[in-house]
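Please treat every number below as a calculation from the coordinates, not as lab data. These figures come from a predicted structure and were not determined experimentally. Please note: Cβ atoms are built from the backbone with ideal geometry, for glycine as well, and neighbour counts cover all protein chains shown.
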Amino acid sequence: MFSLSSYRQDWLGNIKGDLLAGLVVALALIPEAIAFSLIAGVDPKVGLYASFSIAVITAIAGGRPGMISAATAATAVLMVTLVRDHGLQYLLAATVLAGLLQIGMGLLKLGFVMRYVSKSVMTGFVNALAILIFMAQVPELDPARVTMLTYVLVAAGLAIIYLFPRITKAVPSPLVTIIVLTALTLFFGWDVRTVGDLGALPDSLPVFLIPQIPLNLETLAIILPYSIAVAIVGLLESLMTQTIVDDLTDTRSNRNQECIGQGLANTATGFIGGMAGCAMIGQSIINVKSGGRGRLSCFVAGTVLLFMVVVLGDLVGRIPMPALVAIMIMVSIGTFSWSSIKALKTHPRSSSIVMLATVATVVYTHNLAIGVLVGVLLSGIFFAGKIAQLFRVTSTLSPDGRERVYTVEGQMFYGSVEDFMAAFDFRESLERVTIDVSGAHIWDISSVQALDMAVLKFRREGAEVSITGMNAASETIVDQLATHDKPGAMDKLMAH
């Protein structure tokens, strides 16, 4: 529930830490926003304007204080074909529509789906993202493109990042790294790649504009598939990042409000010439580790980014890439769950397989959504297998050999149907068969049909059949499904 006092605390409860952390994040956002623009095939200002807009709006309307949202690779890669085939204006329209879809998802309270993402999938997601963050730095370390000086500066940057906190933690060490390495390269005139080498920075503020596209069903048919993909992938990455930040800060946040906040941000961003985005786990971890906890840090990151590229563009363009590479390597190392490697020997094999499959899929496809989907599906399959193993059917024969009572225990669903049917001897000469399901629960149509089929087969052999012990929930689903599929087959099913 919304509380004005807690909302005020989110803004003013950690002013110094949020200001300094936001400054660090703003500097780290610039090269990534440019890079993501190039991925999507648009001008760098599209990604920079988006990062400003999304960061500021989610700071105000989002459900997770301290989480950084901006233009991201996860959404940029989904727009490549749209931009290539139809141009920038259709990308902007798709961004607006994706935002509206996300608002709708938030209003429908679909944030609850995160409870079905297992810890193994989360660990795989985090590890894969750490690997992707590191892989994204490899081009900046290519010997064919850089000199030995680059490696020296990256090493110096890492040394500052990890050693400076031993002197003082009043100033975030990543910020010190950027200042020191920039000063050194400017003073000595060292020839290294800079932020300005990635693309031209905008020199004006964004303005409101309506995408110049025909407003008809044909346009909707073009942008809707992209908008749906962006909306789902963006929310998936945002909600998973939200869970990670919750754990890092030992606080809870509002998932449905985050859906709405992300939607508002993307909708507004499409109207100022920006591309769609979502939460960024790398930048969020930079923010948290630099002392950022509140909404102010994300707001500062967005506003400072815009100020830097518009007003201080010449200076920002001279920031050496080795400084930012060192920061992102630090993020990669800090993001990876190193304990998960050791845990491979002790955790259940199914959990380890889910984690490794998630990592492998994300790294191979460079698509977080596909990797998470694979992990969730595997988790569901393994869970169903474990539940099915607990299912059993036992039987006892009456002294006179005329009646057999089958006792069913466990969860009856599609995964246990085969064992259920295999437990019966339909050719046994019996006058009466009782199927006791008091220790079981019927879940789906597969189990209802299996029960229905067992009754039919026994009756076909001349036995009188009754079902006992069915609970109310099971009785309801049987009444809804079985009698509709095979009228008359279950007329004596629910004998108590």
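A few comments on the model shown:
- Cα gyration tensor category, rounded, prolate or oblate, for region 190-327 with a/c compared to 1.5: oblate
- Antiparallel bridges, percent of DSSP beta bridges restricted to the chain (to nearest 5): 40
- Note on the chain: lysine pairs with Cα distance below 18 Å, sequence gap of 8 or more or different chains, count 8.
- Region 1-85: chymotrypsin sites (Phe, Trp or Tyr not before Pro) in DSSP loop, at most 16 other beta carbons within 10 Å: Phe2
- Applying the criteria of a DSSP loop state and at most 11 other Cβ atoms within 10 Å to the chymotrypsin sites (Phe, Trp or Tyr not before Pro) of region 271-360 yields Trp338.
- Peptides ranked, highest mean first, by Cβ atoms within 10 Å: ranges 76-85, 378-387: 76-85, 378-387
- Cα gyration tensor, region 295-334 - rounded (a/c under 1.5), prolate or oblate: oblate
- The trypsin sites (Lys or Arg not before Pro) found in region 326-371 that occupy coil by DSSP, while having at most 11 further C-beta atoms within 10 Å, are Lys345.
- Bins of 20 Å, starting at 0 and running to the largest distance - Cα pair percent for the chain: 21, 42, 22, 12, 2, 0
- Euclidean distance between Cα centres, region 93-129 to region 400-445, Å: 41
- Taking a ≥ b ≥ c as the square roots of the Cα gyration tensor eigenvalues, region 432-473 comes out oblate, since a/c reaches at least 1.5 and a/b does not exceed b/c.
- The fraction of Cα-Cα pairs per 5 angstrom bin, counted from 0 for region 390-485, comes to 3, 14, 26, 27, 18, 9, 2, 0 percent, rounded to whole percents.
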